[in-house]
Amino acid sequence: MEVITLLQIISHRINSLKRGPFGSSLKKDLFVKSRFLVYEQYHALNNDFTFQRYFINEEKFKELENLFNTLRQKEFKGELVS
């Protein structure tokens, strides 16, 4: 498998990278004790993807998954969405 960096595949246009609306969709009262792990800035900043603090239930996961799929199909067609 070939490994490439994000800088090799992104456009260098202004605003070519965007954060999703997902963080604003997650309020602390939605968190549950386990199920779907919510990745946060801590993970990227500390290069530690084993840390587990927040989880969401399946209903919220599916809601965000549907939102992601809608955005990918409508607004970001042909672009990398992760």
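Just so it is clear, none of the values below were taken in a lab; they were calculated from the coordinates. Since the structure is predicted, the reported quantities are computational estimates derived from the model, not experimental observations. Note: ideal-geometry Cβ built from the backbone for every residue, glycine included; neighbour counts use all protein chains shown.
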Taking θ as phi - 60°, what are the ³J(HN,Hα) couplings along the range 51-68 by the Karplus curve (6.51, -1.76, 1.60), each to the nearest whole Hz, with x for Gly and Pro? 5, 10, 10, 10, 9, 10, 7, 5, 4, 5, 4, 5, 4, 5, 4, 5, 4, 4
Most to least packed among 28-39, 59-70 [average Cβ atoms within 10 Å]: 59-70, 28-39
Explain nothing, just the number: dipole magnitude of the range 27-76 about its Cα centre with +1 on each Lys and Arg Cβ and -1 on each Asp and Glu Cβ, in debye rounded to the nearest 20. 80
Out of residues 5 or more away from F55 or on other chains, whose amide H comes under 5 Å of its own, with H placed 1.01 Å from N in the peptide plane? V32, V38
